[in-house]
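To start, the structure under review is shown below, and the notes come after it.
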Amino acid sequence: MMFLQTRSREQVVLDGTWGFMPDPMGAFGPAKRSRSVFQGLDPVKEDRAVEYDINAMHDIQVPGDWNTQNPEWLNLEEAGWYTLNHTFSETQWSQLQGQRNFLCFESVNYSLRLWINGHEVADTQCPFLPQAFDITEHLKETTLICVRVDARRDAERMPSKVYDWWNYGGIFGSVSICPCPQTVLSDCHFTVEQLDDQGVRGAITVDVDGPCAQGFSVEVSVPELGLSWTGQGTDGVARLAYTIGSDVGVVPWSCENPKLYDYRVTLTTPEGKQDQLDLRVGFRTIECRGKEILLNGESLFLKGIAWHDERFGELGGRTRNREDCAELVSVAKELGANFARLAHYPHSEHTLDLCDELGLLVWDEIPVYWAIEYDTPVTREIGDTMWRQMLLRDRQHPCVLVHAVANETYDAPGKPEFMQGLRQVAQELNPGIPLGAAIAVPFVDGEYTLFDRPDMLVEFSDVIGINEYGGWYSPPLSKMPTARVTGHPDKPTFISEFGASGPSGVHGPADELWNEDNQLEVYKQQFAMFGRCMDSLCGISPWVMKDFRSPLRQNGFQRQFNCKGVVSAVGKQKMTYHFVRDQYAGSGPGLGLAGSEGSSADA
Ligand code: GCU
């Protein structure tokens, strides 16, 4: 499996109706001929029993989780088998001739095992992130693609066995065949080292894979700036330094003006063979300075919102396309947010594109969530694979502000070594971006402080998120008027989670749980506390934008949905939605949030 930048490439898109067979016991596969789905044997023609039939599968839409496509598959976790017996059109088949043909998956959960015409090509554990496999040698004009996805929860995996979201399984993103030259441009990205009134300075890294990776030339051009740079590469990489004078007038990428520049990178091999990518770049710098986090040298206050990669609708389910993602991002923009906490795993890249285009800063995250077996080799390997693929995919996006390494973890054997490994990879792949962690902080003697519970991430992280649920988990609402929160004395610290469950449309006394009035009272008290502690916070991010499906929420108020959203699962705005929007606009009762009017607790 490799990272292959597929934007702007011609692709044979394989999205649509595939065959699907649930495998709740994980009983099918190579171990037994009669259950070897990937061979595509015909039970009618065979003279021995075959227990599957690729011509009598269920229909399933790709992309899309399997859970919400058939009520019988809502709780399916063990495994599902996808088949597509594809006959290429003349045009498609000619596109593939003489090329290196990669089968590309945008996102799968959890593991992926792949056969092409009965040949096993891949067996990976890299959920939520792009994977590309060279299938050239096995392609025929009619090709059987067979994919086994298992979504088992396992102590050795990341996340492990218990977590507060629905374990959707399946092929979440597009599937396509990407024909490429023998020597392929696998990636290109800009880093920005300096951006000020002198202009912009940095480096362009071009990654190449294939027989001519030892010696090649590249050209990068930005037509809108009338600039281009050329250079030579060896050992699969070319690094071009660039300087753009202030006279050129580069417009920095910012939330207020998310300026993106189209650019073209061209690879030429010694025999004159070419490959090309058309990508986008946003020029911006990110810096941590004491308790501040700065974008283009200006201190930020993060007016955030968190969400799961789950589409709107009664059923829930993973986002499948740009439209699903746009519905979520537009709520964040309507709230007046400038910061998106994409919890707790890599979201669809469509969301990153939209945040690039609309000016939302992003916290991306690998699912190092609650209990993790850091010192189990396969766990470390999964973490490293996901981290690498996420950084390779996300460094392309100027909206990414922080790469997050963990959420509410406990110190355990192997955690320091694991985290050090993540930092080394980040240094190699995307050195400019701070690393963050969301830390569950206990309430002790009237305040939330980072130092009451050992967590090596307090020292390790560049940016610290405090998860605290004052008024909901601890302390009770009655204790909130005097509660305080203290960030790290020398690092940017924001409130990465706070909130309460407010089932949509349920109303009652503000001091009784499980209604919108109580949820609003918790928010008011939380914002009042932020107002008392502004000097130690660089932002806030309410948990959570929308109610989302979770097996941990089983009481009669929630019925398998976590109802801490400021909007319901179908997008119905709650009282807290309007409160947050007013606060972020600075037009609310100003319970102390930076930039809003004076404070009053009885808004
Ligand atoms: C935790 C956790 C979230 C969870 C939330 C809640 O802090 O990080 O994933 O959904 O609290 O209790 O709703």
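Listing for the model above:
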| quantity | calculated |
| --- | --- |
| Residue match in region 533-544 (condition: assigned by TED's automatic domain parsing to the domain that holds Val329, in contact with a helix residue (DSSP H, G or I) (Cβ under 9 Å, 6 or more places away or on another chain) and within 12 Å of the ligand (Cβ to nearest atom)) | yes |
| Residues satisfying the stated conditions in region 355-365, i.e. open to solvent by less than 10 Å² (accessible area, probe 1.4 Å), hydrophobic (A, V, I, L, M, F, W, C) and in a helix (DSSP H, G or I) | Cys355 |
| Selection count, region 492-505, where residues are part of a loop (DSSP other than H, G, I, E, B) and within 13 Å of the ligand (Cβ to nearest atom) | 5 |
| For Phe451: the one exception among (1) within 14 Å of the ligand (Cβ to nearest atom); (2) surrounded by fewer than 16 Cβ atoms within 10 Å (Cβ to Cβ) | (1) |
| Hits in region 306-324 (condition: open to solvent by 30 Å² or more (accessible area, probe 1.4 Å), outside any loop (DSSP other than H, G, I, E, B) and of a type in the set (Asp, Glu)) | Glu323 |
| Positions within region 172-203 being among the aliphatic types (A, V, I, L, M) and either in contact (Cβ under 8 Å) with a residue 60 or more places away in the chain or not assigned by TED's automatic domain parsing to the domain that holds Val250 (or both), in sequence order | Val175, Ile177, Val184, Leu185, Val192, Leu195, Val200 |
| Verdict on Tyr374 being modelled with pLDDT under 95 and out of contact with any His (no Cβ under 7 Å at 6 or more places or on another chain) | no |
| Residue that is farthest from Lys273 (Cα to Cα) [pool: residues in region 199-220 that are in contact with a strand residue (DSSP E or B) (Cβ under 7 Å, 6 or more places away or on another chain) and part of a loop (DSSP other than H, G, I, E, B)] | Gln214 |
| Among the candidates Leu302, Leu295, Leu328, residue that is touching a Gly at 6+ places or on another chain (Cβ under 7 Å), buried (at least 18 other Cβ atoms within 10 Å of the Cβ) and of a type in the set (A, V, I, L, M) | Leu302 |
| Filter result for Trp387 (more than 16 Å from the ligand (Cβ to nearest atom) and open to solvent by less than 10 Å² (accessible area, probe 1.4 Å)) | yes |
| Output for region 454-491, where each listed residue is away from the ligand (no atom under 13 Å from the Cβ), assigned to a loop (DSSP other than H, G, I, E, B) and either free of Cβ contacts under 8 Å to residues at least 40 places away in the same chain or not assigned by TED's automatic domain parsing to the domain that holds Tyr345 (or both) | Pro475, Pro476 |
| Matching option when the condition is closer than 30 Å to Ala371 by Cα and away from the ligand (no atom under 16 Å from the Cβ), among Val162, Val149, Val218 | Val149 |
| Candidates Phe494, Phe548 - the one that is in contact with a Cys (Cβ under 7 Å, 6 or more places away or on another chain), touching a residue at least 24 places away in the same chain (Cβ under 8 Å) and open to solvent by less than 40 Å² (accessible area, probe 1.4 Å) | Phe494 |
| Single match in Ser461, Ser478 (criterion: surrounded by fewer than 22 Cβ atoms within 10 Å (Cβ to Cβ), of a type in the set (S, T, N, Q) and at pLDDT 95 or above) | Ser478 |
| Lone unmet requirement of (1) surrounded by 20 or more Cβ atoms within 10 Å (Cβ to Cβ); (2) at positive phi for Val368 | (2) |
| Filter result (more than 16 Å from the ligand (Cβ to nearest atom) and either of a type in the set (A, V, I, L, M, F, W, C) or surrounded by 20 or more Cβ atoms within 10 Å (Cβ to Cβ) (or both)) within region 422-448 | Leu422, Val425, Ala426, Leu429, Ile433, Leu435, Val444 |
| Lone qualifier among Pro130, Pro43, Pro63 - being without any contact (Cβ under 8 Å) to a residue 40 or more places away in the chain and not small (Gly, Ala, Ser) | Pro43 |
| Residues satisfying the stated conditions in region 426-453, i.e. over 17 Å from the mean Cα position of the chain (by Cα) and assigned to a loop (DSSP other than H, G, I, E, B) | Pro431, Gly432, Val441, Pro442, Asp445, Gly446, Leu450, Phe451, Asp452, Arg453 |
| Tyr374 within 16 Å of the ligand (Cβ to nearest atom) and assigned to a loop (DSSP other than H, G, I, E, B) | no |
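The values are calculated or read from the model by the stated rules, or taken from the named source; none is laboratory data. Just so it is clear, the structure is predicted and the values come from calculations on it, not from any experiment. Quick reminder, even Gly has a Cβ in these numbers, built from the backbone with ideal geometry, and neighbours come from all protein chains shown. Ligands, DNA and RNA are excluded from the accessible area calculation, which covers all protein heavy atoms including side chains. Shrake-Rupley method; radii C 1.70, N 1.55, O 1.52, S 1.80 Å.
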